């Protein structure tokens, strides 16, 4: 499975300075992310209506409504309430940091910043808020998923997965024990801008179980009336290496 076959994390970049925006775009592309760039709060909200990003980088000082207003707007909407947000700004005073964090930002980066610091902050926030995008090896019981080499193993034996099956397993392994409805899985794995039937999830869960073999009976559970979850028996390791 090649890198391009798995959905890259989409990052909303809201920055009106074209030079900084291009630097952010280039840095994120090189780090393996898909940037969605906007110059203003209005453009950002239009982008989000079309596609829900996995994380947002928002400049405080924007033309018209500020980045702080955008952050508060995103926090008020049910669809974007849990979107991880990093505030970018030249305002480094303690009072400004507090205002940004109290306004809904998860992290705060003061300009100027290094590309390495930016990528490290993005990766750290994704590990905390969206562990399915963690870089490394996800381990849940007998399952191992190498998110760098895009390889999956069951009890040490490599198995073959389609790109969609890989994304589905990656999401479930990144969130073990949590129950997700069909619609939630469609939003997180296929993207909330894609309109397909809920039945599609059932079909891919069935195919995933076939690919995993006998262990799937104990790991990939159907929660009647609620959805699906992936869990390991008590005492069995669940980690990101």
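What follows is calculated from the coordinates using simple rules that are stated; it is not laboratory data. Note that the structure is a prediction, hence the values are computed from the model and not measured. Note: ideal-geometry Cβ built from the backbone for every residue, glycine included; neighbour counts use all protein chains shown.
Summary table below
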read-out	value
Pairs of Cα atoms farther than 25 Å apart, the chain, %	45
Per-residue [θ]222 nm for the chain (sum of -39500 (n - 2.57) over DSSP H runs n ≥ 4, rounded to 500)	-11000 deg cm²/dmol
Difference of contour (0.36 nm per residue) and Cα-Cα distance, residue 184 to residue 160	6.2 nm
Calculated FRET value between residue 221 and residue 81, using beta carbons and R₀ = 25 Å, to 0.05	0.40
Degrees between helix 115-129 axis and first principal axis of the chain (Cα, 0 to 90, nearest 10)	50
Rounded if a/c under 1.5, otherwise prolate or oblate - region 145-204, Cα gyration tensor axes	prolate
On Cα atoms only, tilt of 18-30 relative to the major axis of the chain in degrees	20
Label-reachable residues, region 45-75, where backbone N falls under 17 Å from a point 7 Å from residue 124's Cα toward its Cβ	56-58
Volume of the Cα convex hull of region 96-145, divided per residue and given in Å³	75
Two-site label geometry, residue 72 and residue 137: point separation in nm, points 7 Å out along Cα→Cβ	4.8
Rounded tilt (10° steps) of 67-76 against the dominant C-alpha axis of the chain	40
Among 152, 95, 38: highest mean-square fluctuation, GNM of the chain, C-alpha pairs under 10 Å	95
In nm, spacing of pseudo-spin labels at residue 17 and residue 102 (7 Å Cα→C-beta vector)	2.6
Extension gain from residue 116 to residue 149, taking 0.36 nm per residue of separation minus the Cα-Cα distance	9.7 nm
Radius of gyration and Dmax over the Cα atoms of region 167-230, both given in Å	11.0, 34
Sequence-separation-based contact order of the chain, relative, with Cα cut under 8 Å and 6+ spacing, percent	16
Equivalent ellipsoid semi-axes - Cα gyration tensor, region 85-217, angstrom	35, 18, 12
Rg over Rh, two decimals, region 1-138 (C-alpha only, Kirkwood Rh)	0.94
Protection proxy ranking of 144-151, 80-87 - average other beta-carbon atoms within 10 Å, highest first	80-87, 144-151
Global form of region 28-71, assessed from the alpha-carbon gyration tensor, a/c cut-off 1.5	prolate
For region 3-93: relative contact order, % (alpha-carbon pairs under 8 angstrom, 6 or more apart)	29
Point-to-point label distance, residue 200-residue 90, nm (Cα→Cβ direction, 7 Å offset)	4.5
Region 29-138, relative contact order [Cα under 8 Å, separation at least 6], %	20
Over region 47-111, equivalent-ellipsoid semi-axes from the Cα gyration tensor in Å	20, 12, 10
